[in-house]
Amino acid sequence: MAAPTTGPYVVSATYLGGFIRALRGLELLTPAIEPQLPEPQRSMVAMPWSTRWWEGGSTEGLTAFMLQRHGPTKLEEAGFLTTRNSVGPIITPLVSVIGALFGLRPSTLFERIGELAATSIRGVAFGWKSTGPSTGELTIAYPPPFGGSTVAPLWQGTCRFIFEMSKTPGQVTACVVDGSTVTLTVSWEPKR
């Protein structure tokens, strides 16, 4: 079960700017595609740093456009690159502290995903349930009508980054979308 959250659903300019950079680097967002974006996404892409926080539904408009055009696998890769290249440098000091205090295991990072994600997204609830020594379920609950299948590939990319940060091979073994909520089942190799 995801913990309750307060405040509006917003996405940071840091995440949005990184997402746009990842989309361009993967050649998913090209000068030929940009004019096809509806407003406000076209303005958002042109000036991602014009505000510190973007309304979450508007950012999902960009995600939905890219998902429809390129599919979930490409969007997962963009989510991974965004988290690694834009969010990663910001949260690395916190991850180092968490690792020093509790050990740098995937479960330790998944347990604290809400704290780690606070630099990128707000107004979303997170939950973690350990289902074994090297398995668990991550739940991300968005305020309706947002979230769900539109954002699921981005979170799968984020899970890949968590495995990379913890230096542990792992994978998302299942993804269940229930309305605005995404539940990812994850597993990883036990540390020896």
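The values are calculated or read from the model by the stated rules, or taken from the named source; none is laboratory data. Because the structure is a prediction, the values reported are computed rather than measured. Glycine gets a Cβ as well: all are built from the backbone with ideal geometry, and neighbour counts include every protein chain shown.
Matching residues to (1) modelled with pLDDT of 95 or more; (2) over 24 Å from Glu77 (Cβ atoms); (3) not in a strand (DSSP E or B):
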| position | (1), (2), (3) |
| --- | --- |
| Leu109 | no, no, yes |
| Leu116 | no, no, yes |
| Phe126 | yes, no, no |
| Leu138 | yes, no, no |
| Gln156 | yes, no, yes |
| Arg160 | yes, no, yes |
| Thr168 | no, no, yes |
| Val176 | yes, no, no |
| Val182 | yes, no, no |
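Name the one entry in Thr131, Thr181, Thr150, Thr168 that is over 17 Å from Thr82 (Cβ atoms), within 15 Å of the chain's Cα centre (by Cα) and among the hydroxyl-bearing types (Ser, Thr, Tyr).
Every option except Thr181 fails the conditions.
Can you work out which of the residues in the stretch 132-158 that are touching a helix residue (DSSP H, G or I) at 6+ places or on another chain (Cβ under 7 Å) and small (Gly, Ala, Ser) is nearest to Lys191 (Cα to Cα)?
Selected residue: Gly136.
Give me a count of the residues in the stretch 14-39 that are in a loop (DSSP other than H, G, I, E, B) and either touching a Pro at 6+ places or on another chain (Cβ under 6 Å) or not acidic (Asp, Glu) (or both).
Total satisfying the criteria: 9.
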